[in-house]
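*Asks:* Shown below is the structure under consideration.
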Amino acid sequence: MRAAKYAAAAATLCLNSLSAGAQTVAPAAPGQQAPSAAPLPVLAPPAPDQGLISADLPLAPMPDLGVDWPDLSAPDAAPAPAPDASAPATGAASASGTGKARRSDSAAVEAELARPYRVTITGIEELGADFRLRFNALSALDAGDDKPANAAQINRRVNEDEALMKQLLRSIGRYDGEVLSRVDTAAMPIAVTLAVTPGRSYRFATVDLVGVDKAGAKAAALGSAFAVKPGDAVDADRVTNEVIAYRARLGHEGFPFAKVGEPQVTVDHASGEATLKLDVDPGAPARFGKIVATGNKPVFSSRHLGEIARFHEGDEFDAPLLDDLRRALIQTSLVSVATITPVPAEDPALVDIRVLTEPAPPRTIAGELGYGTGEGARAEISWQHRNLLPPEGAVTFRGIAGTREQLLSATLRRSNYRARDRVLNAQIAASHSNLNAYDARTFSVSANLERQTNIIWQKKWTWSLGGELLASDERDTIQATGQARRRNFLVAAVPATLSYDGTDDLLNPSKGYRITGRISPEASLHKTFDGYVKMQFDASAYWPATSSIVLAGRIRVASITGASTSIIAPSRRLYSGGGGSVRGYSYQGIGPVDVDRDPVGGRGLTEFGSEVRFRFGSFGVVPFFDGGSLTDSNIPKVSHMRYGAGLGARYYTSFGPIRIDVGTPIARRPGESRVAVYVSLGQAF
């Protein structure tokens, strides 16, 4: 169990001298050379010492059981009279009672001898905190320090830990290290001391990569790529890790079938130096050949695998690109297991890539509940088949039932459309929105092509370009009189987006910044044909003040140019206020209003938001201060700014933070709520 625990926790190897086995070798006499080849055995705690047993030795006497052997020829004894309940529980005891008493006495003695102990280790300060942590992870003394132990148990643990300490010292090249132990039973608790003398640090005199010259033109680069150099300290962990990295480097340099042997170390105890020998067989360099989909029922065809891969036939072989392809296949959510293997091709200069995939469940049913002041409560349910139209053609049917919104939609999302990370989206939807600003019944058809980002491969640059056609029956009011009116609009739009993301996390950023620009030329038909352009610019920045405090801020500027507010369909105007805008206000609660104080929207928008994000483990507290201005002018202004402030709570999960924000408007006006509550997934920005 200790060996398994060590292999899983530290995977440390120790460099031992063959001439000494697992014991520390004393330095050779001056002038003598005592080199010995040293393999890299897996470090395991030593087994307890076992003495040799001879068949000629006499057996030890049997222990006294405390009960006389019965005389089988004697007549049966008369039953003992029942004890007097009134008699005190003292006096002579039967044989059975004597046995119980002796066992009780033995337990009492054993309990008296078992005492807590305290361990002190001296002399390892120069080896660093990691060395002590590694020792503690394997230490027999440390494993049992939470319960009392008797002298025999403590001595056995001390012996084990002495051997363990010597092995750990050898694993970092301290072959001359010594360990002395002392157990003071007079102390309370028992004092156990391990006095360590680490000894000198052995260093590599030479590092020889045998066979690397077969790599041809790349031999020099591969020879210098091995990070262990002459003069470096002998460290088993580092040697092992660098050998693993060197194997990967050979694959990265175009050698798909390279072989690297186990490191061989020769230690010279007289000089305190060692040599490292590593056998390298790079094999022949190769280029990528064909991608071959294998298995009884491959999830994707060879052609689509080629669209997902970041390499093409004829490119120089690069092993990390195989790992990238494997991760991309798992990220589709259609593949549960992906096995990717380079195999020799008919052309010896090429290597084919064999891909074996196992399908994952393709269907998902999801539900969502939410609430926002001004938006009301909403419940959403969706059904999705992620490969209904292969390859990767996900079809989603979605329904929303809310106090202010109802919707039915069908969406097609084809991922990796003719190229990696390119997505084709198409949607048809029928919706009803009953908001303070307007009431709209809308039927829409839209499609777009985008370069996506995700939590596995967060992209710096993303973009989208598409088209939208909608027919909408909308009710709003005339701003001057408050008179209700209902109008029909036919709108065509060509929206485009370009974004840059320099943050460290897609859902919960703590440093960096983001910039997004949107433009949407639109044509609206209602009695007359009118054209206008919607433009919006967003920027946000994040700065880690400490390891648990992040300062975050954002700005938004938007404008509609080319038509007056009254001509633009109410659902296409700009609005401000709400959980994703200025908190403290209801949805669409900032901006021009009619005589009944219902919002009418505008054409010029300016907003900002600021937060201080305190995090305590899985929980967080976020005080915030937001502001916004919406006017009827197409030029964004900072006049007539409205402000809101409040406090939020966060619960951080593996898929992003769950957010609850409570805000209040500053300089509240008549009709505005004192408190606004917002619940959603993800940060506000």
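Read-outs: derived from the displayed coordinates by stated rules, not from any lab. Remember, predicted model here, so these are calculated numbers, not experimental data. Note that each Cβ is placed from the backbone with ideal geometry, even for glycine, and that neighbours are counted across all protein chains shown.
*Asks:* If you take the square roots of the eigenvalues of the alpha-carbon gyration tensor of the range 287-359 and sort them as a ≥ b ≥ c, do you get rounded (a/c under 1.5), prolate (a/b over b/c) or oblate? Please report the intermediate quantities before stating the final value.
*Replies:* Values: a/c = 2.10, a/b = 1.57, b/c = 1.34.
Cα axes put the range 287-359 in the prolate bin.
*Asks:* Enumerate by residue number the chymotrypsin sites (Phe, Trp or Tyr not before Pro) in the range 609-656 meeting two conditions: DSSP loop (anything except H, G, I, E, B), and at most 16 other Cβ atoms within 10 Å of the site's Cβ.
*Replies:* Details: sites: Phe614, Phe616, Phe619, Phe624, Phe625, Tyr643, Tyr651, Tyr652, Phe655; in loops: Phe655.
Here the sparse-neighbourhood loop sites are Phe655.
*Asks:* Please list, in order along the range 522-533, the HN-Hα scalar couplings obtained from phi with the Karplus expression 6.51 cos²θ - 1.76 cosθ + 1.60 (θ = phi - 60°), rounded to whole Hz, x for Gly and Pro.
*Replies:* Using θ = phi - 60°, the values come out as 9, 10, 10, 10, 8, 6, 10, 8, 10, x, 7, 10 Hz.
*Asks:* Compute the Cα gyration tensor for the range 473-552, then decide on rounded, prolate or oblate, letting a ≥ b ≥ c be the square roots of its eigenvalues: rounded whenever a/c is under 1.5, prolate when a/b is larger than b/c in the other cases, and oblate in all that remain.
*Replies:* Working: a/c = 4.44, a/b = 2.29, b/c = 1.94.
Prolate shape, in that a/c is at least 1.5 and a/b is the bigger ratio.
*Asks:* Can you give the Kirkwood hydrodynamic radius of the range 202-354 from its Cα pairs, in Å with one decimal?
*Replies:* Numbers: mean 1/r = 0.0575 Å⁻¹.
Computed over the range 202-354, the radius equals 17.4 Å.
*Asks:* Under unit Cβ charges (Lys, Arg +1; Asp, Glu -1), what dipole magnitude, rounded to 20 debye, does the range 412-537 have relative to its Cα centre? It would help to have the intermediate numbers written out before the result.
*Replies:* Details: 18 positive and 12 negative charges, 60 e Å.
Computed about the Cα centre, the dipole is about 280 debye.
*Asks:* Report the FRET efficiency, 1/(1 + (r/R0)^6), for Ala227 and Ala539, where r is their Cβ-Cβ distance and R0 is 51 Å, rounded to 0.05.
*Replies:* Values: r = 41 Å, r/R0 = 0.81.
Taking R0 as 51 Å, the efficiency between Ala227 and Ala539 is 0.80.
*Asks:* Can I ask one more? Which FRET efficiency value, to the nearest 0.05, do you get for Trp457 and Asp323 by plugging their Cβ-Cβ distance into 1/(1 + (r/R0)^6) with R0 = 22 Å? Each step should come with its number before you reach the end.
*Replies:* Working: r = 13 Å, r/R0 = 0.57.
It comes out at approximately 0.95.
*Asks:* Sticking with this one: Can you report the principal axis dimensions of the range 231-307 using only the alpha carbons, biggest first, rounded to whole angstrom?
*Replies:* 63, 23, 20
*Asks:* Now, a different point. Give a quick list of trypsin sites (Lys or Arg not before Pro) in the range 512-569 that DSSP marks as loop, anything other than H, G, I, E or B, with at most 13 other Cβ atoms within 10 Å. Working shown, then result.
*Replies:* On the way: sites: Arg514, Arg518, Lys527, Lys534, Arg554, Arg556; in loops: Lys527.
Here the sparse-neighbourhood loop sites are Lys527.
*Asks:* Pairs Lys166/Lys277; Lys459/Lys511; Lys218/Lys259; Lys511/Lys637; Lys460/Lys511; Lys229/Lys277: which are spaced more than 18 Å apart, C-alpha to C-alpha?
*Replies:* Numbers: Lys166/Lys277 24 Å; Lys459/Lys511 15 Å; Lys218/Lys259 16 Å; Lys511/Lys637 29 Å; Lys460/Lys511 14 Å; Lys229/Lys277 12 Å.
As for pairs spanning more than 18 Å Cα to Cα, those are Lys166/Lys277; Lys511/Lys637.
*Asks:* Further question: For the range 542-660, what is the convex hull volume of its Cα atoms per residue in Å³? Spell out each step's value before the answer.
*Replies:* Details: hull volume 14.2 nm³, N = 119.
Here the figure is 120 Å³ per residue.
*Asks:* Any idea what the dipole of the range 512-621 comes to, in debye rounded to 20, about its Cα centre with Lys/Arg Cβ at +1 and Asp/Glu Cβ at -1?
*Replies:* Details: 13 positive and 8 negative charges, 59 e Å.
It comes to approximately 280 debye.
*Asks:* Taking the alpha-carbon centroid of each part, what is the distance from the range 653-685 to the range 263-324 in angstrom?
*Replies:* Answer, in whole Å: 51.
*Asks:* Continuing with the same structure: Roughly how many nanometres apart are two label points built 7 Å out from the Cα toward the Cβ at Ser654 and Thr481?
*Replies:* In this crude label model, Ser654 to Thr481 measures out at 6.1 nm.
*Asks:* So for the pair Ile567, Leu647, with labels modelled 7 Å out along Cα→Cβ, what separation do we get in nm?
*Replies:* For Ile567 paired with Leu647, the spin-label model returns 5.0 nm.
*Asks:* In nm, give the distance between the simple-model label positions of Arg597 and Ala496, each being 7 Å from the Cα along the Cα-to-Cβ direction.
*Replies:* 4.4 nm
*Asks:* To the nearest 20 debye, what charge dipole does the range 363-681 have about its Cα centre, counting +1 at the Cβ of each Lys and Arg and -1 at the Cβ of each Asp and Glu? Walk me through the intermediate numbers first.
*Replies:* Details: 39 positive and 27 negative charges, 91 e Å.
For this selection, approximately 440 debye.
*Asks:* Dipole of the range 363-681 (Lys/Arg Cβ +1, Asp/Glu Cβ -1, origin at the Cα centre): which of Ser673, Phe397, Ser576 lies farthest to the positive side?
*Replies:* Farthest along the dipole direction, towards plus: Phe397.
*Asks:* Two decimals is fine: what is log10 I(q)/I(0) at q = 0.15 Å⁻¹ for the range 363-681, from a Debye sum with one equal scatterer on every Cα and no solvent?
*Replies:* -1.57
*Asks:* Continuing with this model, one more query. Return P(r) of the range 601-673 (all Cα-Cα pairs; 10 Å bins starting at 0; whole %; ordered from short to long distances).
*Replies:* 19, 35, 28, 16, 2
*Asks:* Here's another thing I want to ask about it. For Arg115, which sequence-distant residues (separation of 5 or more, or a different chain) have an amide H within less than 5 Å of its own amide H, given hydrogens modelled in the peptide plane?
*Replies:* Amide H neighbours of Arg115: Ala149, Asn150.
*Asks:* Sticking with this one: Place +1 on the Cβ of every Lys and Arg and -1 on the Cβ of every Asp and Glu in the range 216-298, take the dipole about the Cα centre, and give the residue among Gly283, Val234, Tyr246 whose Cα lies farthest towards its positive end.
*Replies:* Sorting the options by dipole projection puts first Gly283.
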